[in-house]
Structure formats: structure tokens, C-alpha cells
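A short worksheet on the structure shown next.
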Amino acid sequence: MDTNHTQPLPQTDETANSKTAQTPLLMAKQVFLPLPDSKIAGPLHQLYYARVIAGTILLIIILTLSLLLKSGSKTFLDAHSDLFIFILSTVMQLFLGLPLYLNIVGNWRRYRSRLLIGFVSLASYVFAIYQWQTSHHTAYFGTSAFVLYITTVLLFLEQKKMDATQALQDIKNARPQKALKQAGKHFIWVDTNTLVPGDIVKVQAGEIIPLDGVIIKGTTSVNESGLTGEFKPLLKGRGDPVTGATINRDCEIIVQIDRDISDNTLTHIINSLENNFGQNLTLFARVEKFAHAVNILGVLAFLIACYYLFYVFQLPLNMSAPILFSILISFSTISLIPSTSIASHIFMKDLFNKGIIINKSSFIEIVNKLDILFFDKTGTLTKGDFEYSQCFIEMGTNQGEMLSTIFSLETQSHHPLSQSMETHPWYQEISKRPVRDFTPHPGLGICGYVQPRSRREYFAAVGNLRFLKRMQMHISREMKAKMDDLECMGETVLLCGYNRQVKGLISLSDVLRPHVRETLKKIRSLKIESAIITGDSVEDIKHLTSSLKLNKVYARCTPEEKISKVSKEVNSGKTTGFIGSTGDKITLDKVDLSMIIDTGTNVQNQKADIIFMNSDFRLIAWLIKKSKKFLHTIYLNMGLSALYALTLAVTSFFGVISPELVMALLFILNLYILRSASSVVSHQPDQITAPNPQSTALSPRP
């Protein structure tokens with residue numbers, strides 16, 4: 001019987017594992033766009049947008065006519081200006097207000113917070129008609145139009161926020177709903193949620209891998225750009241791990257699931273988004289407190305004005321009402337909170353699109369206070385892909401025995417330097433011997449008892465010069481000179497010693513990441529000091545520090561010494577950050593802001609505050625710059641709101657400006673706040689990552 005027999009999947013709406021690029025992940029990300037896209041956005045979204053545009057035009061006309069009428073200037077309507085203002089206000093009420101009032105009445109239990117907004121909007125319009133009929137005063141038409149317009153804008157932003165929140169659920173659908181699971185000698189379609197560790201699934205070329213697992217049959221390339229934001233197809237074969245929600249590009253593969261849906265990489269990313277998304281940022285809570293404080297101050301100013309106008313100056317109600325209303329609405333900060341909310345959503349969307357995972361809700365404030373940023377060398381400033389370069393043997397030493405000793409010890413370690421031994425041309429031919437009492441010394445080297453077959457075991461150590469001397473290994477003058485020469489060339493040197501003598505060395509070459517120099521230059525321009533901290537010697541990184549213009553260098557540091565150096569800066573009162581690799585977990589815990597770069601989809605159990613799944617080094621400077629600009633914009637909006645409130649309240653109280661002018665100025669302020677907060681991130685052209693044109697055929701990212 002054919003073991004590859006596959007039960008066909010019924011063609012229903014649940015058939016999600018297709019070969020097209022229109023994955024749910026793409027649909028989810030398109031929802032975050034700052035303006036509605038006609039191809040993606042629904043009719044409701046476009047209707048809100050049309051109302052905002054129409055409301056803007058009507059409000060500008062109403063406020064303009066009100067100001068001209070107040071100043072006594074003649075208009076093309078002459079004596080009918082007040083009637084025309086009434087007609088335009090009525091049109092706004094029918095086009096913008098009526099849907100709002102019907103929605104409030106039909107869903108008052110669900111949207112109780114909108115009851116007050118609807119009441120103020122309708123009451124201001126009714127009061128405007130009363131004032132117009134009794135005293136021919138049209139100022140309140142502008143007030144009612146302004147309140148209704150801002151309410152419509154807020155509902156539009158609320159719809160955007162609801163779409164963004166719903167997008168989190170859509171991101172979960174990035175994994176296919178159905179998967180081909182092996183059942184005996186057949187493969188049948190099952191629900192992805194029912195897969196458990198140990199299940200075997202088949203993934204055709206062009207399909208989405210359902211859950212994290214390991215390939216047990218087949219070879220292909222996998223496109224992870226839907227999660228990492230970087231088109232870098234990875235060749236995968238038998239025994240290699242694959243990540244759920246990524247795309248199998250080339251050939252059919254058989255995958256054994258090793259994590260259930262609750263412990264998947266995509267689930268981890270979704271949890272990070274939910275915990276640090278939009279309103280969960282500490283900055284948003286700060287803006288909320290500020291807005292509430294301004295509102296309370298407005299109420300106090302209103303009460304004080306009532307006392308002076310009614311009891312001290314004894315003004316009648318028809319003269320006091322416009323002043324009191326102008327004071328009260330001056331302190332409203334009506335667009336500050338929602339604009340900050342939508343801007344936060346847009347910012348987090350941009351981070352997610354670039355493969356940046358945030359695990360700390362206060363990262364924006366910390367980034368803006370950074371004084372010094374520590375960089376680890378291996379795997380951070382450099383790619384960490386070491387390759388064999390040179391070998392030097394002490395006189396009278398058997399080269400095969402020395403290489404066998406190094407390879408035997410290094411096979412016990414998972415350090416990148418140990419894994420690079422496989423690039424030696426003789427690695428497969430040299431025998432690897434058993435090792436007893438293997439002991440790693442982080443930042444220094446490794447040691448243990450090598451057990452050859454033909455003779456007694458012997459103690460051996462591999463590492464840097466400091467470690468070999470600690471192990472009481474003697475090094476000759478010629479060996480020391482060769483080591484110094486190689487380190488001056490920028491190569492990493494591993495010494496091998498046994499029988500109380502350094503028998504030889506192997507040098508490994510590593511290359512600098514692209515764009516490191518320009519990134520560090522940008523970081524310095526942002527007034528953040530850069531420092532390198534590494535376990536390599538000063539000579540080993542001398543070429544690196546000179547080319548990168550780094551003045552603060554900490555070399556030959558063990559993990560404990562790295563912590564000591566970083567803690568010293570923290571204790572001095574500086575806000576510190578650290579960018580390293582997964583092997584620097586202890587150091588990452590000691591700084592104010594910890595970051596890891598180029599993790600790919602390996603984000604499980606990472607404890608860093610910020611995880612860059614992308615390998616583009618420029619993203620570090622981009623994140624710092626955007627965070628600073630974002631915080632500056634929010635603080636500027638807060639400052640302008642407070643300044644406007646105090647200025648308009650004082651000038652209104654003394655009759656310097658009319659209620660019509662107050663409405664016009666507040667209209668300009670709210671438009672500025674809404675526009676600046678929404679465009680601070682997404683409306684700027686971005687050329688950080690240029691996706692490969694060939695990736696668009698299968699990549700879930702636009």
C-alpha cells in the first residue's frame with residue numbers, strides 16, 4: 001500500500017494552508033495602516049473615514065463664517081450667514097450625529113461611556129438653536145459642530161484601535177487551520193490545534209508549516225520573513241528544527257512536532273505583543289494621568305470663574321455662559337489620550353514588522369534615558385560565524401594528537417567557537433576521544449581528562465592564554481609571539497595545552513556585521529556612549545576598536561567581570577543598556593535595558609527586554625531614534641495641551657478672545673495632535689530592510 005497516500009482536504013472556508021501569499025498574517029498587518037486601505041479595510045472603516053473628511057470640511061466652513069459674523073465682516077451671504085451656519089450644523093448633526101445617537105441608544109449597555117459624549121453633543125446643538133432664536137448668537141453652533149467632529153474622529157480612532165486589537169487574533173491565524181497528520185500509513189487532514197508533540201505531519205512545497213518541529217525526512221529552504229521581517233531563506237534538512245507559521249519554499253518535507261500550540265514560537269510572539277501592546281505601555285498610563293490632571297484643573301478653573309462672574313462681577317447668564325463654556329472646553333484634552341493610544345499601536349506594529357519583540361512595557365522611556373550602551377563582540381558586533389584560519393604546532397608535538405585533543409574537548413561544548421572546529425579541513429578524519437570530568441570556564445576556556453585507547457588518560461585544556469596559565473601550562477616564546485601576531489590581525493586564538501605545556505594553537509576568523517560603523521556613528525550622534533565588553537584580549541580587538549572609534553573598551557572579561565563592569569556604571573547613576581547574545585543571560589539581567597540581536601525564530605526562553613529577530617544591525621539605531629522621536633512628540637503634545645488650556649482659559653475669562661476663536665484654536669490644536677501622533681512612526685519612509693523581490697511570492701509579509 002502507498003504510504004504517501006493523502007486524504008484530500010474538502011474545499012471549505014477552513015482550508016487555510018494554501019500556496020498563496022495572502023496569509024492571515026499579511027491581512028492582520030495591513031489593518032495597522034494609519035489610513036484605511038480600500039483593498040483591505042472594510043466598509044465600516046471606510047465610512048468612518050468619509051465622515052471624518054466631510055466633518056472637517058463642514059467644521060472649517062462653520063468656524064470661518066462664525067468668526068466673520070462675530071467680527072462684523074460682510075460675507076457673500078450677508079444677512080443670511082447665521083441661517084447658513086444653522087443649516088450646516090444641522091447637516092453635521094444628520095450625517096455625523098444621527099448615526100452616533102442611534103448607536104448609543106441601541107447599545108447603551110455596551111457603550112455606557114458614550115452616553116455623556118452623545119448628551120453633550122446633542123445638548124450643545126439644542127442650546128445653540130435656543131441662543132440663536134432668543135439672542136441671535138451663533139457661537140454655540142460652532143461649539144456643537146466642534147464637539148461632534150472631535151467625537152467622530154475619536155470613534156474613527158477607536159475603530160482603528162479595535163481593528164488593531166482584532167489583528168492580534170488574526171495573527172494567530174498565521175498558522176494553518178488544517179495540517180496533514182500521519183495516521184498509520186496514511187496522511188489525513190486534522191485541526192492544527194489538536195496536534196501534540198510526537199505527531200508527524202507532511203508539508204508540501206509552498207505551504208505553511210503548522211507548528212514547531214524537527215524535519216525527519218526531506219530537504220528544503222524555509223522562509224521565516226513572516227516572523228523575522230528579513231528575507232533570508234534557510235536551508236533545512238533532516239534533524240533541523242523548523243518554526244510554525246513559516247513557509248516551506250521548495251520541496252515536500254515530513255516534520256515531527258516537538259511543541260504543542262501553547263508552547264509554540266508564534267504563541268510566544270503573540271503573548272509578547274498582548275502584554276506590551278498599545279495601552280499596556282507605561283507611557284500611555286503617564287499620558288492618561290496627565291490628561292486627568294488637566295481635566296480636574298479645568299473643573300477647578302470653571303468653579304472659580306463661576307464664583308467671580310456670578311458673585312463678584314454679577315454678570316447675567318447670557319454673558320457668562322460663553323465664557324464659562326470656553327474655559328471648560330479649553331481644558332478638555334479631548335484628543336490627547338486616543339491619539340496616544342493609536343500612535344502606540346502604530347509604533348508596536350512597526351516594531352513587529354521589523355521582527356522586533358518587546359518584553360518590557362517601559363522600554364520607550366528607558367531608551368530615551370540611555371547614557372551608555374555596551375556591545376558584546378562575538379555574535380553581536382561580529383557575525384559569530386567563525387571559520388578555521390591557521391594552525392601552529394610546538395616543536396616536537398604530534399599534530400594529529402594535538403588536533404585530536406582539541407576536537408575531543410570542543411565536541412563537549414556548544415559554544416560558537418567549539419562549533420567552528422567543524423570548518424577545519426581534517427575535522428572528519430581526526431578521531432575524537434572520550435572526555436572525563438569535562439568542565440567549562442565561561443569567558444576563559446574548557447578542560448577535562450582525555451581518554452585515548454592506547455595509553456593512560458591525560459589532563460588537557462583549551463582556551464585563552466590567561467586560562468592556560470591558570471591551568472599551569474607553560475608557553476614558549478615562539479608560541480607567544482605567534483599568538484600575538486594572529487591577535488593583531490584580528491583573529492581569535494585558542495591555545496591547547498597538556499602535559500603542562502602549550503602544544504599548539506588554532507586561530508579562527510570572524511567578520512564584522514554589515515552597517516556596524518554607521519550604526520555606532522548614529523548612536524553617538526544621539527548622545528549615547530558606546531562601549532565594547534568582551535572576553536578577547538586587547539590585541540585581539542585592537543583593529544576593531546580603532547576602526548569603530550570606540551574609546552571605552554573592556555577586554556579579557558569573564559562573565560563575572562562583565563557583570564562587575566556593567567554594575568559599576570549602573571551604580572554611578574547612568575542608565576545602561578547591553579546588546580549581547582543568548583549566552584550573556586547573567587549580564588542581561590543587570591542592566592536597565594537588555595537586547596539580543598539576530599535570534600531568528602529562536603525566541604523561546606529569551607529573557608532580554610528587546611529581541612531583534614532580524615540580523616540588520618541598523619535596527620538598533622532605528623529603534624533608539626524612533627523611540628526618542630515618539631516620546632518627544634507625545635511630550636510636546638502634552639505640553640501644547642497644557643499651554644493651550646491655560647492661555648485660552650485666561651484670555652476667555654478677561655474677554656480677550658471670543659468663543660468662536662477658542663473653537664478655531666482648539667480645532668487647530670486637536671488636528672495637530674491627531675496628525676503628529678499618528679504619523680510620528682508610520683508615515684516616514686523607511687529603507688532599513690529592503691526585501692528581496694523574489695520573496696513576495698511566498699512571504700507573508702508585504
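The values are calculated or read from the model by the stated rules, or taken from the named source; none is laboratory data. Please read all numbers here as calculations on a predicted model, not as lab measurements. Note that we place each Cβ from the backbone using ideal geometry, even for glycine, and neighbour counts take in every protein chain shown. Areas reflect the complete protein model, heavy atoms only, side chains present, ligands, DNA and RNA absent. Shrake-Rupley method; radii C 1.70, N 1.55, O 1.52, S 1.80 Å.
Sorted from largest to smallest, which semi-axis lengths in Å does the alpha carbon gyration tensor of region 606-666 give for its equivalent ellipsoid, taking the root of 5 times each eigenvalue?
On the way: eigenvalues 396, 22, 12 Å².
Semi-axis lengths for region 606-666 are 45, 10, 8 Å.
How far apart, in nanometres, would the label points at N318 and T56 be if each is projected 7 angstrom from Cα along the Cα-to-Cβ direction?
Spacing of the two 7 Å Cα→Cβ label points: 3.8 nm.
Stretch W426-R470 to full length: gain in nm at 0.36 nm per residue minus the Cα-Cα span?
Working: separation 44, 0.36 × 44 = 15.84 nm, distance 2.95 nm.
Stretched fully, the W426-R470 segment lengthens by 12.9 nm.
Distance in nm between label sites at I87 and Q412, each 7 Å beyond Cα in the beta-carbon direction?
Distance between the two pseudo-spin positions: 9.3 nm.
Round to the nearest 10 and report in Å² the accessible area of T219, as given by a 1.4 Å probe over the protein chains' heavy atoms.
80 Å²
Convert 10 °C to kelvin, take the viscosity as 1.306 mPa s, use the Kirkwood radius over C-alpha pairs of region 365-444 as Rh, and evaluate the Stokes-Einstein diffusion coefficient in µm²/s, rounded to a whole number.
Working: Rh = 15.4 Å.
Value of D from the Cα-based Kirkwood radius: 103 µm²/s.
At 7 Å along the Cα-to-beta-carbon direction for both K625 and R455, put a label point, then send me their distance in nm to one decimal.
6.1 nm
Taking all protein chains in place and a 1.4 Å probe, what share, in percent, of the accessible surface of region 410-506 do carbon and sulfur account for?
49 percent
With every protein chain left in place, what is the accessible area per residue of region 391-493 in square angstrom, probe 1.4 Å? Please list the in-between numbers first.
Details: 5610 Å² over 103 residues.
Per-residue accessible area for region 391-493 comes out at 54 Å².
Count neighbours as other Cβ atoms within 10 Å of each site's Cβ, and list the chymotrypsin sites (Phe, Trp or Tyr not before Pro) in region 600-676 that are DSSP loop with at most 10 such neighbours.
Sparse-neighbourhood loop chymotrypsin sites (Phe, Trp or Tyr not before Pro): F654.
For R286 and L98, compute 0.36 nm times the residue count separating them, minus their Cα-Cα distance, and round to one decimal in nm.
Numbers: separation 188, 0.36 × 188 = 67.68 nm, distance 3.43 nm.
Gain in length upon complete extension: 64.2 nm.
Please list R456, R517, R466 from largest to smallest accessible area, probe radius 1.4 Å, with all protein chains kept in place.
Working: R456 200, R517 130, R466 80 Å².
Listed by decreasing accessible area, they come as R456, R517, R466.
Using unit Cβ charges (K, R positive; D, E negative) and no other charged atoms, how large, in debye to the nearest 20, is the dipole of region 411-531 about its Cα centre? If you can, show how the numbers build up before the last one.
Numbers: 20 positive and 12 negative charges, 67 e Å.
Approximately 320 debye in magnitude.
Quick one: if the Förster radius is 25 Å, what FRET efficiency do V126 and L643 give, using the C-beta to C-beta distance and rounding to 0.05?
Details: r = 32 Å, r/R0 = 1.30.
It comes to 0.15.
For W426, W189, give the ranking by accessible area with the largest first, probe 1.4 Å. Could the numbers behind the result be given before it?
Working: W426 120, W189 55 Å².
Result of the area sort, largest leading: W426, W189.
On the full set of protein chains, 1.4 Å probe, figure out the accessible area of C391 and give it in Å² to the nearest 10.
Probe radius 1.4 Å; accessible area of C391 about 40 Å².
Using only protein heavy atoms and a 1.4 Å probe, report how much of L648 is accessible, in Å² to the nearest 10.
Rounded to the nearest 10, the figure is 10 Å².
Please work out how much length the chain gains when fully extended from V299 to L526, using 0.36 nm per residue of separation minus the C-alpha to C-alpha distance, in nm with one decimal. Kindly include the intermediate steps, with their values, before the conclusion.
Details: separation 227, 0.36 × 227 = 81.72 nm, distance 4.08 nm.
So the chain would gain 77.6 nm between V299 and L526.
How much of the accessible area of region 509-666, probe 1.4 Å, is carbon plus sulfur, in whole percent? Before the final figure, lay out the partial values.
Values: 3690 of 6660 Å².
Of all accessible area on region 509-666, carbon and sulfur atoms account for 55 percent.
How big is the charge dipole of region 356-406 about its Cα centre, in debye rounded to the nearest 20, if each Lys and Arg gets +1 on its Cβ and each Asp and Glu gets -1 on its Cβ?
Details: 4 positive and 7 negative charges, 62 e Å.
Here the size comes out at about 300 debye.
Which log10 I(q)/I(0) values does region 556-616 give at q = 0.17 Å⁻¹ under the Debye formula, counting every alpha carbon as one identical point scatterer?
Scattering profile of region 556-616, log10 relative to I(0): -0.56.
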